[in-house]
1. Suppose we keep only residues that are within 11 Å of the ligand (Cβ to nearest atom) and either of a type in the set (D, E, K, R) or without any contact (Cβ under 8 Å) to a residue 12 or more places away in the chain (or both) within segment 145-158. Which one would you say is farthest from residue 71 (Cα to Cα)?
2. Taking residue 74, is it surrounded by 15 or more Cβ atoms within 10 Å (Cβ to Cβ) and within 12 Å of the ligand (Cβ to nearest atom)?
3. Return the pairs, sorted by first residue and then second, in which the second residue is of a type in the set (Gly, Ala, Ser), the first residue lies in segment 123-144 and is in a strand (DSSP E or B), the beta carbons are less than 6 Å apart, and the residues are 6+ apart or on different chains.
4. Can you confirm whether residue 117 is under 24 Å from residue 22 (Cβ atoms), crowded, with 20+ Cβ neighbours inside 10 Å and out of contact with any Leu (no Cβ under 6 Å at 6 or more places or on another chain)?
5. For residue 22, are the conditions met, namely being in contact with an Asp or Glu (Cβ under 9 Å, 6 or more places away or on another chain), surrounded by 19 or more Cβ atoms within 10 Å (Cβ to Cβ) and not in a strand (DSSP E or B)?
6. So which of 20, 46 is within 13 Å of the ligand (Cβ to nearest atom), within 14 Å of the chain's Cα centre (by Cα) and touching a residue at least 40 places away in the same chain (Cβ under 8 Å)?
7. Find all pairs meeting these conditions: Cβ atoms under 9 angstrom apart; at least six residues apart or on different chains; first residue within segment 53-70 and at positive phi; second residue surrounded by 12 or more Cβ atoms within 10 Å (Cβ to Cβ).
8. When the residues of segment 23-43 are filtered to those that are touching a residue at least 40 places away in the same chain (Cβ under 8 Å) and within 11 Å of the ligand (Cβ to nearest atom), which remaining residue is farthest from the chain's Cα centre (by Cα)?
Amino acid sequence: MGSMTGAAGETRTAADGRRWRLRLARPTDARGLARLFADVRAEGRWLLTPSSAVSEPSEAFFIGEMIRGGGGLALVAEADGEVVGNVLVSLERGAVGSHVGTLSIVVDREWRDVGIGSEMVRAAQDWCREGGLAKLALSVFPDNDRAVAVYEHAGFEREGLRRRQYRVDGEFRDELLMAWFPDGGRRDA
Ligand SMILES: CC(C)(COP(=O)(O)OP(=O)(O)OC[C@H]1O[C@@H](n2cnc3c(N)ncnc32)[C@H](O)[C@@H]1OP(=O)(O)O)[C@@H](O)C(=O)NCCC(=O)NCCS
């Protein structure tokens, strides 16, 4: 676990002076997280799964189970008692992929561009390094300029572009694959 990111977290100051905390997710965060995901999905631009595909109560149940189950990393950004951000690292199952973590991240729209996403990515990278993972992977819509900027600043590299990988509301969308390697990605590792 990242040394700065424990169960209680510590107070941090956003770029605009507002206070927030980064801490481990708890099962009781499930409803707040489901709400956050629903809000971000409703924006319709950033996430793959459309709002219509997910019901908030069933997602809350699923998230609660995931947090209880442990395994990967689930961190919450909290401000004014609300969940305003989340980063997940899920682990591949099975021997051949168990060295890979997959990152996903969202920040509430009122809390974007003040550094929270970047700090959460950094915490996820610390966790991967400390846990001995060999690769942290993600996928993103290539026109999500802000997300791509955050990942590139954090040291992620572009692995490839899967063209027309999805069709959203009748329109083809490409998928950009990115990855970060805790050891720098040595080819002989
Ligand atoms: C993507 C996301 C997680 C980033 O978190 P954040 O807290 O907003 O990001 P930060 O404030 O840490 O950093 C934003 C960076 O992007 C840059 N940026 C913002 N808008 C940009 C744009 N249109 N083009 C390029 N860079 C941009 C900022 O300048 C900043 O860079 P800096 O660190 O050099 O100042 C967050 O905006 C979000 O949840 N977006 C909607 C959901 C989403 O896209 N999730 C990722 C799906 S793969």
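The values are calculated or read from the model by the stated rules, or taken from the named source; none is laboratory data. Everything numeric here is computed off the predicted structure, so don't read it as measured data. Because the Cβ atoms are built from the backbone with ideal geometry, glycine has one as well, and the counts that use them run over all protein chains shown.
1. 145
2. no
3. Taking only residues 6 or more apart or on different chains, the pairs are 135/179; 136/101; 137/179; 140/147.
4. The answer is yes for residue 117.
5. Working: in contact with an Asp or Glu (Cβ under 9 Å, 6 or more places away or on another chain): yes; surrounded by 19 or more Cβ atoms within 10 Å (Cβ to Cβ): yes; not in a strand (DSSP E or B): no.
So residue 22 does not fit the description; no.
6. So the residue among 20, 46 that is within 13 Å of the ligand (Cβ to nearest atom), within 14 Å of the chain's Cα centre (by Cα) and touching a residue at least 40 places away in the same chain (Cβ under 8 Å) is 46.
7. From segment 53-70, no pairs qualify.
8. Here the answer is 43.
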